[in-house]
Amino acid sequence: MLRKSLNTRLALLFIGAVAIMIAAGCGGSGSTTTTTAASPAASTGSSAAPATTTATPSGEPIKVGSILDETGAINVYGKTMIDATNLAIEDINAKGGVLGRPLQLVSYDAQSTNDKYTQYTNQLILQDKVAVLMGGITSASREAMRPVIDRSHALYFYNEQYEGGVADKLVFLTGVVPEQQLSTLIPWAIKNDGPKMYVIAADYNYGHISADWVKQYADKNGGTVVGQEFIPLEVSDFGATLSKIQEAKPDVIVSLLVGGNHIAFYRQWAAAGLKDKLPVVSATFGLGNEQVVLSPSEAQGIVVAYPYFQELDTPANKDFVALWHAKFGADYPYITDSDNAVWTGWHLWAAAANKAGSVDVDKVIAALESGIDFDSPEGKVSLDPKTHHLVHNVRIAKVNATKGFDILETFDNVAPNVYIDLTQNSTAHTQYTPGGK
């Protein structure tokens, strides 16, 4: 499935998203596909090493579920995460499957609407009877799924960076969180750009909670937030926002913007002549391949922090990129940190199920909490049993002139905060905010 026109399509997706509200449906019902991944010949490598010859999985397939946004305003993230999901299933099956059985993926398009996430979570658990469910992109979509997960005693992986704090016995989270991402990015910005910060954030739970984290890390490191604004997801005109920023006279802009509409901020920021005057650091830029859609004159120099960048020069990542390009074409625009998180989530679950000798929810959770490491594209990661989050390697990087990233600094083995020990609490289904509240 070559993607020779994907650069153009990504640009069109961003432009088209200007008129789409995140809460709006896209017309029609969400599609569902069921796929049993290919034979071992379909995979030539993994995140750790090239595939070796293994027995072809046989027997009754194990159904596993995914809900992501293939259409709607959030599909700028969803399309590559769907590719990562399909590739991960193929790779696992190419190495013998789980318990010697092939995985059968049942997937739904939530169409960038949270009610679809609730609907399809119910459907995957009650009708499709999947062994594990992965999906959700925005934090709002995750929180639409989680009550159904908890009520049904199902197993759920959320594979995306987010505002942190989820403590739920049934939920595992592979994305980077503020105590790993903002704890490194904000001190870097204060040191390199100056202490006065203006925060612009998406107007939903991710943006509000993450903005609180920015203030906490700014205060801790000698900085101050001189202004903040929360932008609805449907907004694409940032003239008034740019005026407010200039009036506040910050040293640096901290962007927590989300979705196709918000890419307009960076274009208008550059067009206003602010690119060389007010630098931008971001915890979200690049996850939707914004650096591919924007020109270097608009995006070069924006600084971000993630565990994964396609440019990582390690054997594991070289194998991963080669496998990706063999599947989707060498001209694929960019493999994102979200794709790395998806790939890691599926492989961690497969390793835990094999370790448990079962796909039973409680047995797999016990295996995950016993200590699981994985040689992921970002490097070796370990699952922290107490928090159900990953210990990550976090990199500070800057957009370069070729629509990729130059890595500036690396922080190894950054652990998540421990709010509650989930190995000792089987009933926790909550989310903590800055300050542990």
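Taken together, the values in this text are just the output of simple stated rules run on the coordinates, not laboratory data. A quick note: this is a predicted structure, and the numbers were derived from the prediction, not measured. Glycine also receives a Cβ, built like all others from the backbone with ideal geometry; neighbour counts cover every protein chain displayed.
A few notes on this one:
- Lys/Arg +1, Asp/Glu -1 at C-beta; region 182-306 dipole; positive extreme among G286, V303, S255: V303
- Under 5 Å, built H, 5+ apart or other chain: amide partners of V176: Q161, Y162
- Note on region 182-306: semi-axes of the ellipsoid equivalent to its C-alpha gyration tensor, largest first and rounded to whole Å, are 20, 16, 15.
- Residues K63, K169 arranged by fewest to most Cβ contacts within 10 Å: K63, K169
- Efficiency of FRET from Cβ geometry, D406 and D219, R₀ 30 Å, rounded to 0.05: 0.50
- Amide H contacts under 5 Å for K275, placed H, 5+ residues apart: none
- The ratio of the alpha-carbon radius of gyration of the chain to the globular-protein estimate 2.2 N^0.38 Å is 0.93.
- On Cα atoms only, tilt of 75-94 relative to the major axis of the chain in degrees: 30 degrees
- Once backbone amide H atoms are built at 1.01 Å from N, Q228 has V199 as its partners under 5 Å, excluding neighbours fewer than 5 places away on the same chain.
- You can think of it this way: the chain between A415 and K318 has 32.4 nm of extra reach, that is 0.36 nm per residue less the Cα-Cα gap.
- 16 Å reach of a label modelled at F230, 7 Å along Cα-to-Cβ, counting backbone N of region 158-190: 163-164
- Protection proxy ranking of 156-165, 259-268, 93-102, by the mean of other Cβ atoms within 10 Å over each peptide's residues and highest first, is 156-165, 259-268, 93-102.
- Computed magnitude of the charge dipole of the chain (debye, nearest 20; Cβ of K, R +1, Cβ of D, E -1): 200 debye
- Choice from A248, A415, A189 showing the highest fluctuation, given a GNM over the chain with Cα pairs closer than 10 Å: A248
- On the beta carbon distance between S58 and T423, with R0 = 30 Å, the FRET formula returns roughly 0.30.
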